[in-house]
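Reading through the structure tokens given below for one structure.
The values are calculated or read from the model by the stated rules, or taken from the named source; none is laboratory data. Just so it is clear, the model here is predicted, and its values are computed rather than measured. Glycine gets a Cβ as well: all are built from the backbone with ideal geometry, and neighbour counts include every protein chain shown.
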Amino acid sequence: MLYFARWKVTLILAVLVIGLLYALPNALPENVRQSWPGFLPDKTMNLGLDLRGGSHLLFEVDIDAVREERMEALVDDAKQVLREDPLIPHRVTVQNGAVEVRILGDGDMEEVADRLEDLARPVSGILVPGQANPRSVSIEQVDDTTFRMVQTEDALEKLSRDIVQQSIEVIRKRIDEYGTTEPNIQRQGDNRILVQVPGLDDPERLKELIGQTAQMTFHLVYSDNPGDLTSAMQGRVPPGARLVPSDEAGQPDILVRRRAVLSGEDLKNAYQGSHPQTGAPVVNFSFNLSGAKIFGDITTDNVGRRFAIVLDDKVITAPRINSPITGGSGYIEGNFTIESATDLATLLNAGALPAPLTVVEERTVGAGLGADSIKAGEFAAVVGFLAVVVFVLIAYGVFGVFANIALFANVMLIAGVLSMLQATLTLPGIAGIILTIGMAVDANVLIFERIREESRAGRSPVNSVETGYTRALSTILDANITTLIAAVLLFQFGSGPVRGFAVTLGIGILTSVFTAFVLSRLIASLWLRMARPKTLPI
């Protein structure tokens, strides 16, 4: 067992060299890393919020707002199906969280029931063995003229899950567009989302960027007649119209058509640019194929009319269509700065939030506190490491030197793997590294104590070392595999700090087994070949 084939030695050395190359950038200044040849690794470990400083935001998703929107959509759908030929006279209202459909005159109630039943679609993604998918709407006939429609609990629960998950994805896209690295975004409870962004020096801008719903729609202006606008502002809004406030301070409200001709979902790309004539910051945009065709048709058929762009129920611009725009692209102008134009382009590219977000908790970790945490963690790691090194040297002599070499290699490999995976190192992660150091020494103690027992029993040095490594292996594997399972479970079900601990612990277990068993055995084998001792100094 102490014999190592040449390819095994080469493989072990290759692992150590690769680990060193990936770990080395962490000990070098940035200007040195930038001057390295391109084929060498130059990335360092990412520091977490507690080490680097940054922003901690907890958002609450307004699920009730989405449920109200779904209720309004259900009202519109009920009206639409009852207006189909033949028209069934009706009145649809919302009463106590339910949609009530009252049939006027002598309507065919069976026909009404059949039409309304089409609105009770199956809820996808919910499977009950032996049963059909639950329905999205429960329909009940209250009396001879009235039906009552209620969204089912299954539909509402799935809606809540989907809304939170969609919000997480949109937040992630927005933060990635912002340019930060390694954000921690995760769900908390039923309707809350935790966002932690290390290294961010402008949390207010991030809060505005994440919290804005960014629902963009495009509408034709209904009327520019001052009399129509005055009448609408007094509460007499024409059918099919909608009064929308202007985003610019001091500007009057604008009367637009209620039905949007395009939405933000039709956009393909958006980016900050400059006005072709004034040079002022604008947001350039382009539509996808279907959106470009609709946009071209609308601008062709409505030359001379104004076209309003509405963002979160405010008109940000309403230019006049001077000529057909058939290229599927345009620009949004307004009182933009370069920063606000860039933010709007980021929001449009990431997509709209499915529900409004409210900040319920906000904390900022300063860079100074992060630096203090790093110093405290480094001090604890160095003290623990030196104490272990001294103990092993005193207890095991030459074999203690082997163990310490393996220990140094272990720490180097952990740093290399963290850098290679671009994992985030947190303060609990440093605790995981310190625990890993202790576990690596524990493996060496098991091996060396077994070697000492075999040597005292009268075995030769070679037999003692071989037996010590062989018989200690099963115990080492048992201990480390159970700890690795615990680390995997912590990572799977834990939150931010717990997952940071689990990452370094899991990586450290793998590197510890390699260094404490494989590397130290190789070193012991080479020493036995060169020194050929009569007795073991252990």
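Kindly state which strands (runs of 3 or more DSSP E) lie completely within the stretch 55-161 and contain at least 2 residues that are surrounded by fewer than 15 Cβ atoms within 10 Å (Cβ to Cβ) and more than 39 Å from the chain's Cα centre (by Cα).
By residue number, 90-95, 137-141.
Would you check which residues across the stretch 294-336 are farther than 23 Å from Gly279 by Cα, free of Cβ contacts under 8 Å to residues at least 24 places away in the same chain and not in a loop (DSSP other than H, G, I, E, B) and list them?
Residues satisfying the conditions are Asp297, Asp301.
Mind counting the residues in the stretch 314-328 that are within 18 Å of Arg242 (Cα to Cα) and more than 30 Å from the chain's Cα centre (by Cα)?
4
In the stretch 1-52, what residues are of a type in the set (Gly, Ala, Ser), part of a loop (DSSP other than H, G, I, E, B) and surrounded by 13 or more Cβ atoms within 10 Å (Cβ to Cβ)?
Gly48
Can you name every residue in the stretch 294-313 that is farther than 22 Å from Thr213 by Cβ and either aliphatic (A, V, I, L, M) or within 34 Å of the chain's Cα centre (by Cα) (or both)?
Ile294, Phe295, Ile298, Val303, listed by residue number.
Condition check: at pLDDT below 80, in the same structural domain as Leu344 (by TED's automatic domain parsing), among the hydrophobic types (A, V, I, L, M, F, W, C) and not in a loop (DSSP other than H, G, I, E, B). Does Leu206 satisfy that?
Yes, satisfied.
Being buried (at least 18 other Cβ atoms within 10 Å of the Cβ), of a type outside the set (Lys, Arg) and in the same structural domain as Lys375 (by TED's automatic domain parsing) narrows it down to one residue among Ala443, Ala457; which is it?
Ala443
Residues checked against (1) under 26 Å from Val17 (Cα atoms); (2) touching a Phe, Trp or Tyr at 6+ places or on another chain (Cβ under 8 Å); (3) assigned to a loop (DSSP other than H, G, I, E, B):
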site	(1), (2), (3)
Gln492	no, no, no
Arg499	no, yes, no
Phe517	yes, yes, no
Ser520	yes, yes, no
Leu526	yes, no, no
Arg529	yes, no, no
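Looking at (1) in contact (Cβ under 8 Å) with a residue 60 or more places away in the chain; (2) surrounded by fewer than 20 Cβ atoms within 10 Å (Cβ to Cβ); (3) β-branched (Val, Ile, Thr), which is the only condition Ile210 fails?
Evaluating Ile210 over (1) in contact (Cβ under 8 Å) with a residue 60 or more places away in the chain; (2) surrounded by fewer than 20 Cβ atoms within 10 Å (Cβ to Cβ); (3) β-branched (Val, Ile, Thr) leaves (2) as the failure.
Determine which member of the set Val488, Val445 is under 15 Å from Ala406 (Cα atoms) and of a type outside the set (D, E, K, R).
The conditions single out Val445.
Being in contact with a strand residue (DSSP E or B) (Cβ under 6 Å, 6 or more places away or on another chain) and of a type outside the set (D, E, K, R) is true for just one of Ser419, Ser329, Ser323. Which residue is that?
Values: Ser419 fails: in contact with a strand residue (DSSP E or B) (Cβ under 6 Å, 6 or more places away or on another chain); Ser323 fails: in contact with a strand residue (DSSP E or B) (Cβ under 6 Å, 6 or more places away or on another chain).
After applying the criteria, what remains is Ser329.
Which numbered condition in (1) surrounded by fewer than 22 Cβ atoms within 10 Å (Cβ to Cβ); (2) within 23 Å of Tyr22 (Cα to Cα); (3) in contact with a Pro (Cβ under 7 Å, 6 or more places away or on another chain) is the only one that Asn404 fails?
(3)
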